[in-house]
1. Looking at segment 328-345, I want the residues that are at negative phi and have a partner that is part of a helix (DSSP H, G or I) and hydroxyl-bearing (Ser, Thr, Tyr) with Cβ atoms under 7 Å, at least 6 apart or on another chain. Which pairs are those?
2. Which residues, counting only those in segment 517-539, are modelled with pLDDT under 80 and either within 48 Å of the chain's Cα centre (by Cα) or assigned to a loop (DSSP other than H, G, I, E, B) (or both)?
3. Could you check segment 233-256 and list, in sequence order, the residues that are buried (at least 20 other Cβ atoms within 10 Å of the Cβ), under 25 Å from Val176 (Cβ atoms) and among the hydrophobic types (A, V, I, L, M, F, W, C)?
4. Quick one: count up the residues across segment 316-375 that are crowded, with 19+ Cβ neighbours inside 10 Å, in contact with an Asp or Glu (Cβ under 8 Å, 6 or more places away or on another chain) and more than 30 Å from Pro396 (Cα to Cα).
5. Go through the residues of segment 132-150 one by one and say whether even a single one is modelled with pLDDT under 85 and in a helix (DSSP H, G or I).
6. Sort out which residues of segment 328-366 are polar (S, T, N, Q) and closer than 21 Å to Val389 by Cα, and write them in order of number.
7. When you check Ile194 against the structure, is it under 18 Å from Lys266 (Cβ atoms) and either touching a Phe, Trp or Tyr at 6+ places or on another chain (Cβ under 6 Å) or in the same structural domain as Val239 (by TED's automatic domain parsing) (or both), yes or no?
8. Tell me, which helices (runs of 4 or more DSSP H) lie completely within segment 268-375 with 2 or more residues that are in contact with a Cys (Cβ under 6 Å, 6 or more places away or on another chain)?
Amino acid sequence: LRLEESTKPAEAAAAAAGAARGPIRLTEGSEALLRLYGLGLGPRAAERVAFAELRPGGNASSGGNATCQERSQDLVVRPGPAEPRDTSALLRLRVQPLRKDERAKTYVLCSQRRPGQPWLPHQGADGHIVVLEEKKLLLPLWLQVILIAGLLVLSGMFSGLNLGLMALDPMELRIVQNCGTDKEKRYARRIEPIRRKGNYLLCSLLLGNVLVNTTLTILLDDLTGSGIGAVVASTIGIVIFGEIVPQALCSRHGLAVGANTIVVTKFFMLVTFPLSYPISKLLDCVLGQEIGTVYNREKLVEMLKVTEPYNDLVREELNMIQGALELRTKTVEDVMTPLQNCFMINSDAILDFNTMSEIMESGYTRIPVYEDERSNIMDILYVKDLAFVDPDDCTPLKTITKFYNHPVHVVFHDTKLDAMLEEFKKGEGIWGSLGSRGNEGCDPEETRVEIPRKRGMRSQGNKGWDLEETRGAIPRKQGTRPRGAGSRQRGSANSNPNPDFLDPEHSRVGNVSSLLVFTQGSRRPFWRKVTLFTPSYISEKILLRLLKYSDVIQELKFDEENKKSPRHFLYCKNKPADYFILILQGKVEVEAGKECMKFEAGAFSYYGVMALSPPPGS
């Protein structure tokens, strides 16, 4: 006998492979096509062939106790397609199901030479057929497919949560709860209670993942019927859908995935509680409590630098944070301003219009005052002390400094910035001079060579941007030389080649005077008197921009030797003029009327208003 085909393809290959080695193996309930070889076989060969059950203890190779007189009805033989030769014949065989308590049964081929002659068993194993029990699935096929798909989803979820949740340490969750978006805060609040139980959560996720993967392999083995096929299928499915895809997703969106699957996570924590909780307690005792990621000062600065391309911090903000973190490690010497870069003023200076203009233009609120040498700092001048000083009075600077007497705070070069800042906060002084320590056991030598200031402390915190301490401050890059860094000497000559008017390109008075006009005018009724300068005609921004033009602000030098010089006359009688003049500083003599009455006018008096107004009827 040889098996040609079977309705059970899975068993047909095994039966055909085993036919050369022994009996043919068929599955109960199947139908097979057999080829019978012999002599004298014809179209009626199926009527002279039958099968008998091989009794227990019989010899399969010789037929043994097979009684061909008791032919079995479990194998029904029918004729197959006709063959042209009488040396072989095709038989159709239908295998009946086995009984409930039977797992396998062996049958032997019986034949008779001619009708009416006795039935004889076939001698040899190639005439035997073994009927095997049909392998049944653990579950219905549709249910197995659904379970396999669900287990793949659970495997991916456990793998992703293991990476996503465990990567969110408790410290990070607290930070997100305080400064994240509304959605992130809500997610963090849902995750934080179970994330505090780190080892318990880890054990539950790992046990759940192992349980799901093992069950998946068993179901695939039952479905495919091949151990190698189940291993290959489970490996591919778990790697792609259970590891790569979920971990790639949760590594970027772990917070959202963890919050939305919190119910499933708690359920598996409850299911695995008898095993995962004791293991987690053992890990807590051995490894200690999980604190989370904590950065020291150096690591925090480096983290900000590395993540600069991805965060929303601008360069200046990053420098400020870096400078504030370095306050405890840097000394006063690291942030001091060298004397050659300091704006200073001589104690012999006179507070006239030029000197006060230069002080206001410098942008500083506290200015060191030196005597003879720049390293000999004697006092500190506060700009607010000049609020009631009239430039026309030409008050000596010493008068102001002696009256207010602001002390100079002396510190050593190795003083830490945080200690220095605390002293400034206590009101120990705003300015300081840097002293160097002498030999041990001796008095310190106070060599005043540099000036650390509260402004410098704040400049270190700002890491590059130096901000003034009052409103309207002018930012200045640290380390640059301020305008007017040199001392203001009494009676200094102006290098402008024009003796009458200052060159606007080389004079600083223009910008300062513009600010003076704007600020002083807002305090006095100047704008209300000149109608054309009120906000209904021109905005303050446009007016301030107009005052910044180079030919608007001019300074006239008065020649004491030639008082009647034509240059001294701003307006002449019976001579038309098309300009408006506002006196900023100094005095003018006005002669008006037929009586030629003379009177003096000072700062913020104005003339020529009609030159600004359009002529009547235009």
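1. Val335/Ser459; Phe343/Ser362
2. Correct list: Phe518, Thr519, Arg524, Pro525, Val530.
3. Cys250, Leu255
4. 1
5. yes
6. Asn346, Ser347, Asn354, Thr355, Ser357, Ser362, Thr365
7. So Ile194 passes the test.
8. 273-287
The values are calculated or read from the model by the stated rules, or taken from the named source; none is laboratory data. What you see is a predicted model; the values in this text were computed from it and never measured. Note that we place each Cβ from the backbone using ideal geometry, even for glycine, and neighbour counts take in every protein chain shown.
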